Amino acid sequence: MHWCDICKCWLNDTKAAKMNHERGAGHQSKLAFKLKEMGKKAENEIKQKEIQDIAMSKIDKAAKKAFEADRKAAEAAAGSWEWDAGSSYYYNSTHRWYYEPKSAWYYGGEPEAQWTQAPPIPSAALFGTAKHSGGPVPQGSTAVAPSGPADGGDGPIVRQTVQRVVTVKKHPLADVGGYKAPTSGRVGGSMGSGITLEAEAGAGGSAGAGEKRKREEGGKGGGKVKGEAVSKEEAEALARREAAKARVAARTAAGFGYV
Ligand SMILES: [Zn+2]
C-alpha cells in the first residue's frame, strides 16, 4: 500500500493506481491548497524578518546616535589641552588649568593659582583622559615622549612608587602589661565584684580599693543604692534571696563539719 500524505489516505502501491490518484480532482485541489499555504507561510516569515530587521536597524541607529551625542557632550565638558608654546604648558580653556607635562603637575585655580597634582576638575578632564593636541606628549599618551636631541636630552621621566617603613615606638608599659586595660567601666564586672573605676576616681583618690569594696558590701544589706525607692515585692524578693544564701552557707558549713 502507498500512503498519500496530501489526502491522508492509503492507495494501491502500483504505478497506475498512484497516477490515477494524483490526477484525481480531490488530490489536485488539496495539493494546490497545500502549496498555497506553504507559499503564504514562507512569505509571512520573510515579511516578519524584514519588519524585524527594520526595527533593529532603527534601534541600532538611535542607540548609536545617543551614544555619539553623549560622547560629544562628555568631550565638550572635559575640554581639551592645547599646547602653549609660549609657556611650554598645556592649557585647558574649559577649566582654565595649565598642565606641565614633565612633572605632571597642574597649575591654576581661583582665587589664587597654585601647583597641584590633583586639580579640582572632573576626572574626565584630566590630562590624558581628555584630548590634547600639540606639544611634547604624543597622542593617546600621558607621558612625555623620550626626549630626542632637540629636547636637550634630559631623558624620559621615570615614576616610582616609594615605600616607607615607619617604626612605631614601643609603649612604655609594654613590658609590665595591663596598659591595654579599660580606663572606664568595672574591673571584675563579670564576677559581680570589684570596683568601679570612675567612682574610684570621683572619690578623690584617697579611698583605696578595700574601702570601696567595704562600702559596697555595707550597702548590700540595705538591699539597694541609697535614694532609690524599693518596692514591697522587691524587698520581699531580696529578703528571700538573702535567706536562701544563708541556707546555702549553712549547708556548706555543715558539709565541711563546722556546725
Ligand atoms: Zn492524494
Restricted to segment 1-15 and to residues being among the charged types (D, E, K, R) and open to solvent by less than 100 Å² (accessible area, probe 1.4 Å), the residue nearest to the ligand (Cβ to nearest atom) is ASP5
Practice prompt. Using the structure shown, decide if HIS27 is within 16 Å of the ligand (Cβ to nearest atom) and in contact with a Cys (Cβ under 6 Å, 6 or more places away or on another chain).
Written response: yes
With the first residue restricted to segment 157-170 and required to be within 27 Å of PRO101 (Cα to Cα), and the second required to be at pLDDT 75 or above and open to solvent by less than 100 Å² (accessible area, probe 1.4 Å), Cβ contacts under 7 Å at 6 or more apart or on different chains are ILE157/LYS102
Screening GLU50, GLU37, GLU22, GLU43 for residues that are within 30 Å of TRP3 (Cβ to Cβ), open to solvent by 100 Å² or more (accessible area, probe 1.4 Å), of a type outside the set (Lys, Arg) and free of Cβ contacts under 8 Å to residues at least 60 places away in the same chain leaves only GLU43
Checked LYS58, LYS18 against criteria (within 16 Å of the ligand (Cβ to nearest atom) and modelled with pLDDT under 95); the one match is LYS18
Answer yes if at least one residue in segment 91-105 is in the same structural domain as TRP10 (by TED's automatic domain parsing) and in a loop (DSSP other than H, G, I, E, B), and no otherwise. no
The number of residues in segment 112-130 that are in contact with a helix residue (DSSP H, G or I) (Cβ under 7 Å, 6 or more places away or on another chain) and either farther than 15 Å from ARG96 by Cβ or not aliphatic (A, V, I, L, M) (or both) is 3
Within segment 100-121, residues being open to solvent by less than 70 Å² (accessible area, probe 1.4 Å) and over 21 Å from GLN160 (Cβ atoms) number 5
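The values are calculated or read from the model by the stated rules, or taken from the named source; none is laboratory data. Everything quoted here is computed from the prediction, not taken from an experiment. Methodologically, a virtual Cβ is constructed for each residue, glycine included, from the backbone with ideal geometry; neighbour enumeration extends over all protein chains shown. What goes into the accessible areas is simple: the full protein's heavy atoms, side chains included, and nothing from ligands, DNA or RNA. Shrake-Rupley method; radii C 1.70, N 1.55, O 1.52, S 1.80 Å.
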